[in-house]
Amino acid sequence: MKAVEFAYWLQGLFELTDTKTLNEKQVTAIKNHLKLVFLYDIDPSYSKDKTVQQIFQNISEKYFPY
């Protein structure tokens, strides 16, 4: 799932449900997923650092195998 898709899904969650508050586990899950999708959406070519490039490659292969 790309960042924009997750953002729309999250917006829909709040619009279509009667969610008034989130517990700590829900907030942590949302924050972690936002970090993941936004990190994936950033073009890894912005950095010449081999470590940064490897981080992007690992995320891409693990979470987005298609």
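Only residues that are in a helix (DSSP H, G or I) and of a type in the set (Asp, Glu): list them for the stretch 2-28, please.
Restricting attention to the stretch 2-28, the residues satisfying the condition of being in a helix (DSSP H, G or I) are 3-16, 24-28.
Once the filter is applied, which keeps residues that are in a helix (DSSP H, G or I) and of a type in the set (Asp, Glu), the stretch 2-28 yields Glu5, Glu15, Glu24.
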Can you name the residue in the stretch 48-66 that is modelled with pLDDT of 75 or more and in a helix (DSSP H, G or I) and is also least open to solvent (accessible area, probe 1.4 Å) among such residues?
Val52
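The values are calculated or read from the model by the stated rules, or taken from the named source; none is laboratory data. These numbers come from a predicted model, not from an experiment. With ligands, DNA and RNA removed, areas are computed over all heavy atoms of the protein, side chains included. Shrake-Rupley method; radii C 1.70, N 1.55, O 1.52, S 1.80 Å.
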